[in-house]
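These notes concern the structure reproduced below.
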Amino acid sequence: MSNISIREMVWVAFFTALTSVGAWIAIPLPFSPVPIALASLFALLSGAILGKWLGALSQSVYFLMGLAGIPVFARFTAGPGIVTGPTGGYLAGYIAAAFVVGLLVEYIPVRQKAVRFAVGLTAGTIVIYAMGVPWLALVTGMSFPAAMVVGMYPFLPGDALKIMMGVVLCLSLVAQSSHVWRTPAAKDLARQAESD
């Protein structure tokens, strides 16, 4: 990832912007400090479409923008207080999730594109919770089971829908990007098509 082209920089910025917009589309829950937001979907898609390094880079930029005070987090919030608050673990999890999704989509030994995307997006979702829920418990002082009740369980049906939507979007976007975007996922799928 040492030499990033202008095209790649543009798409990194694009997914950073998408994650920001997804965070603004948020529904607060009265029983939880964690809102329902579309940001996680775009964080996962960044890894699936851009690959592990560029996907993680797009989410790192998003995280750093919010940390610096640019209101890109849910409900137009920003600053160190948000990063160190109850949702900070989820936000950091976006970076790790994008990397894991990109890694699995690129290297998982399965030829079916839909399966590769589904596995990657599911694993990325697990990574977000693996970082978000323990941090939520630590910051709020609640027990880990209680943190799962308010910070994971209510979101699982929506996450299942996001994964299904994500697979459909990935298949559609990568089919186009093989000719336009030249992303890592598109290149890999193009190589498969040539060998079939």
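Rounded to the nearest 20 debye, what is the charge dipole size of the chain about its Cα centre when +1 sits on each Lys and Arg Cβ and -1 on each Asp and Glu Cβ?
140 debye
Hey, if you put +1 on the Cβ of every Lys and Arg and -1 on every Asp and Glu Cβ in segment 1-130, which of Leu50, Pro35, Pro109 ends up farthest toward the positive end of that dipole?
Pro109
Starting at the first residue of segment 92-101, write each ³J(HN,Hα) from the Karplus equation 6.51 cos²θ - 1.76 cosθ + 1.60 with θ = phi - 60°, in whole Hz, x for Gly and Pro.
Listing the rounded values in order: 5, x, 4, 5, 5, 5, 4, 5, 5, 4 Hz.
Any idea what diffusion coefficient segment 6-195 gets from Stokes-Einstein, in µm²/s, Kirkwood Rh on alpha carbon pairs, 20 °C, 1.002 mPa s?
130 µm²/s
Based on the Cβ-Cβ distance from Ile126 to Val149, what FRET efficiency comes out when R0 is 22 Å, to the nearest 0.05?
0.80
In percent, how large is the relative contact order of the chain, given Cα pairs closer than 8 Å and 6 or more residues apart?
It comes to 21 percent, rounded to a whole number.
Which order do Ile95, Ile82, Ile36 fall in if you start with the one that has the fewest other Cβ atoms within 10 Å?
In increasing order of surrounding Cβ atoms, one gets Ile36, Ile82, Ile95.
In a GNM of the chain with a 10 Å cut-off on Cα contacts, which of Gly51, Gly81, Gly120 has the highest mean-square fluctuation?
In this elastic network of the chain, the residue with the biggest mean-square fluctuation among Gly51, Gly81, Gly120 is Gly81.
For every helix of n ≥ 4 consecutive DSSP H residues, a contribution of -39,500 (n - 2.57) applies; sum these over the chain, divide by its total residues, and give [θ] at 222 nm rounded to the nearest 500 deg cm²/dmol.
So the calculated ellipticity at 222 nm is -24000 deg cm²/dmol.
Rank Val174, Gly141, Leu64 by how far each Cα sits towards the positive end of the charge dipole of segment 6-195 (+1 on Lys, Arg Cβ; -1 on Asp, Glu Cβ) and give me just the farthest.
Checked the options; the winner is Val174.
The numbers here are math on the coordinates, done by the rules we state, and not lab data. Since the structure is predicted, the reported quantities are computational estimates derived from the model, not experimental observations. Positions of Cβ are backbone-derived with ideal geometry, glycine not excepted, and every protein chain shown enters the neighbour counts.
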